[in-house]
1. Could you list all residues from the stretch 198-209 that are buried (at least 17 other Cβ atoms within 10 Å of the Cβ), out of contact with any helix residue (DSSP H, G or I) (no Cβ under 6 Å at 6 or more places or on another chain) and hydrophobic (A, V, I, L, M, F, W, C)?
2. Which of the residues spanning the stretch 232-273 are farther than 19 Å from residue 219 by Cβ, open to solvent by 30 Å² or more (accessible area, probe 1.4 Å) and within 20 Å of the chain's Cα centre (by Cα)?
3. Looking at 75, 126, 81, 59, which one is open to solvent by 60 Å² or more (accessible area, probe 1.4 Å) and at pLDDT 95 or above?
4. So in the stretch 274-285, with the set limited to residues that are farther than 15 Å from residue 225 by Cβ and in a helix (DSSP H, G or I), which one is most open to solvent (accessible area, probe 1.4 Å)?
5. Could you list, in sequence order, all residues of the stretch 163-191 that are more than 21 Å from residue 224 (Cα to Cα) and open to solvent by 30 Å² or more (accessible area, probe 1.4 Å)?
6. Are any residues in the stretch 84-110 open to solvent by less than 20 Å² (accessible area, probe 1.4 Å), farther than 12 Å from residue 160 by Cα and of a type in the set (A, V, I, L, M), and if so, which ones?
7. Condition first: within 17 Å of residue 21 (Cα to Cα), over 23 Å from the mean Cα position of the chain (by Cα) and of a type in the set (A, V, I, L, M). Now tell me which residues in the stretch 42-69 satisfy that.
8. I'd like to know if the stretch 118-127 contains one or more residues that are without any contact (Cβ under 8 Å) to a residue 60 or more places away in the chain, of a type in the set (S, T, N, Q) and farther than 16 Å from residue 30 by Cα.
Amino acid sequence: MSVIIPTRNRPDLVALAVHSVLSQSYTNLEVIVVDDNDSNSVPRADTKRELQRYSSDSRLSLISTTGSIGGGAARNFACCRACGDYLAFLDDDDEYLPDKIETQVRFMMHERLEMSYQDVSWYDPRNGELVECRHLDHARGFTKKDLLKAHIITPIAPTSVYMLKRSLFERTDGFGEVPVGQDWFLMLRCIQADAKIGYMPGVHVRQYLYQRERLSLGDNKIKGENELFAIRKSYFNLLSKTERRYVVFRHFAVLAVACARSHKMLAALKYVSCCMWSSPVDFAHQGYRYLTSAKKG
């Protein structure tokens, strides 16, 4: 088993991610940290220093890119150097729960799968409170068509919930080497490769919503989401009219949130109006869910 952790500008957090993997109940693994900081930069030196505390653990290796090649390319770079029969992934600011690998490996072996995915939760790092739990149980079946439809309607992501055989990864072009949707491309490529994919209910990773530099915010997010939407539209022939409206609605909703997080409120309001225009039913339903959850919080 190989676990890939790309890192950039987070030397203060990556050690926690590494610790969560090295502390797994499943011990037959290697951890590959891919340093994508610029050569001779302070973050690269700090990352190396932070990981020195695990220098006695032979399961950990630190490799470096040329710098700033991006998360998708960094993961692909590491996967080509992985030795495990299975691959799993973790962002440098998140952590696995102690049984994550053991339970997912057991599930894959029992179901004879080439790839599996789990549910995901996001937490506020300031107080450890749960922000959102997303159940990825929306696929109606696990045929190629069923999975394609599910992935187009609501992406089967993020990266940290995946586990796949290295042999499957080698049959694809791997992660998208793009600013947004790197994991989306990997799942799409695995589905297109006719992989045997299964869903394992339950959350086994903690993802944190840190308020710091992210490629997934601002103009990068807007551009990337528009490019992904153009690809999703090429699969609209698989969807009903109602499903198409939902995909359009969700696209505008993501753009509205991205603009709001980047403090571009006029643009956010524009996309909110696009949400309402594209699917009034989904707009009312999702708005009600948001207000209900806000009152509970």
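1. Matches in the stretch 198-209: 203 only.
2. 250, the sole residue that qualifies.
3. Only one candidate qualifies: 81.
4. 277
5. Within the stretch 163-191, 165, 166, 167, 170, 171 meet the criteria.
6. 105, 108
7. 51
8. Among the residues of the stretch 118-127, at least one is without any contact (Cβ under 8 Å) to a residue 60 or more places away in the chain, of a type in the set (S, T, N, Q) and farther than 16 Å from residue 30 by Cα, which makes the answer yes.
The values are calculated or read from the model by the stated rules, or taken from the named source; none is laboratory data. Owing to the predicted nature of the structure, the values given are computational and were not obtained by experimental measurement. Don't worry about glycine lacking a Cβ; one is built from the backbone with ideal geometry, like all the others, and counts go over all protein chains shown. Just the protein is used for accessible areas: all its heavy atoms, side chains included, with ligands, DNA and RNA removed. Shrake-Rupley method; radii C 1.70, N 1.55, O 1.52, S 1.80 Å.
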